[in-house]
Structures are given as C-alpha cells and as structure tokens.
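Below is one structure, written out as structure tokens, with a few remarks after it.
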Amino acid sequence: MIISIVFLFNKYWIFRPEIILTFVQNNKIIAPFLFIVFFAVMNITLLPTLPMNLGAGLLWGPFWGTLISVIGATCGASCSFIIARYLAHDYCKRKFQNPKLLRLLNVIEGNGWKIIAFVRLDPIFASGPLNYLFGITPIRFGTFIWSTALFLIPPASIVASIGYFIGWTVLSEERIKDVGHYIAIIGVIITIIIIILFLINKFLRKSIKL
C-alpha cells in the first residue's frame, strides 16, 4: 500500500524535489514541525524511519537534520513507551513472551540507561519494537527519554550527513566539480563518529556483560 501511495504521489508530482524544497523554504517553522510529527507517527507504527532521517539531512543539513530527526525519533519512542506502559501493558507483555526477549528483559532491568544506550548505538536492533519493550520494564520514563535522545545523536548524524551529501550532489549540479572535496569531509566526519560508536559500544558490552 505504501509503495502504491508513493507511486501515485510521484505520478502527480507531489513528491517532486522542487515542491518539497519550496515548501520547506517558505515554511521554516511549520515544515520541521510536520516532519517531526510524521517521523514520530512512523516510529509508533513501526514503519522504517531511515528514509526520514536521510530526508532530514537532505532538507536541513547535517546539524539541523540530526536535531530534527532526534526530536522526531524521541517523540515517537516516548509515545510508544507510554502506550506500552499505561495503555496496552498486558497486550505488549504477551507479545514479548519468547526466550530471547525474556533474557533481554532481564538484562534491561539490571542495567537501566546503559542498555538503552547500547541498543540505540547498535544498528542491528530495530528501535521501533524496543520502544514498546522498554515500556513494560521498570525503567523510569525520564531515564528512557534522556538516554534515547542522547544516544540517538551519533547514528542520526551519520544518516543525516549521508542524506545531505546525496541531496547536495543531486540538487546542486553546478557544484559537481567540488564533489570529491565534500566526499572527503563527510567521510572523515562519519569515520570519526563510527570510531566513537565502536569505543562506546565496546565499553557498554563490557559494562552490561552481554
């Protein structure tokens, strides 16, 4: 269904880059707000948010794109957490009844913010379902919020930087001669972030004893 909607939007020019860019440029407050709301809804409904993170980098650049993505992801994660804790606690608890998840629950209960940091920084974990999983644990809501927001920044910055570079090369044909220069800069930034992620992940693995 989603693919069909995208096809129809493309057919009738709703997703044309110039239309989106014009809207963003003319609505400097409304556009980020709508983006954050849509990002949060996708997070709550367990839809992939990687394209949104890339889009944020493309539309607002690495810094603001990262910030907007992190706010959207944190809002969505918070809503999922609240749903699991207060509105559908029993339902979520039944859904997470398998040996691997039960083991993860035990690890979560004993490590608090460290396990949140670990799963946010490790790309193998799907953050959408984990937001609901954290909701049925004893983790405090405040701890969940700040650790989610903080440790989403490094991966979000990598994706936003890639999105910015893609948009820059595609939409700025007159600057194509400088592509090598920008590849080098973004490559260095991403490499540094990946090294930092690796070191933090290594520390967390030892600390959590996974």
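Kindly check whether there is at least one residue in region 102-116 that is over 19 Å from residue 49 (Cβ atoms), at pLDDT below 85 and assigned to a loop (DSSP other than H, G, I, E, B). Looking for residues that are over 19 Å from residue 49 (Cβ atoms), at pLDDT below 85 and assigned to a loop (DSSP other than H, G, I, E, B), one finds at least one in region 102-116, hence yes. Here residue 70 fulfils each of the conditions (1) crowded, with 21+ Cβ neighbours inside 10 Å; (2) within 30 Å of residue 21 (Cβ to Cβ); (3) at pLDDT below 85; (4) not acidic (Asp, Glu) apart from (3).
Criterion first (assigned to a helix (DSSP H, G or I), among the aliphatic types (A, V, I, L, M) and surrounded by fewer than 22 Cβ atoms within 10 Å (Cβ to Cβ)) does residue 54 satisfy it? Break it down stepwise before answering.
Values: assigned to a helix (DSSP H, G or I): yes; among the aliphatic types (A, V, I, L, M): yes; surrounded by fewer than 22 Cβ atoms within 10 Å (Cβ to Cβ): yes.
Criteria met by residue 54.
Taking region 144-156 as the range and being farther than 18 Å from residue 83 by Cβ and either buried (at least 21 other Cβ atoms within 10 Å of the Cβ) or not aromatic (Phe, Trp, Tyr) (or both) as the test, the residues that pass are 147, 149, 150, 151, 152, 153, 154, 155, 156.
The values are calculated or read from the model by the stated rules, or taken from the named source; none is laboratory data. Since the model is a prediction, treat every value here as computed from it, not as a measurement. Because the Cβ atoms are built from the backbone with ideal geometry, glycine has one as well, and the counts that use them run over all protein chains shown.
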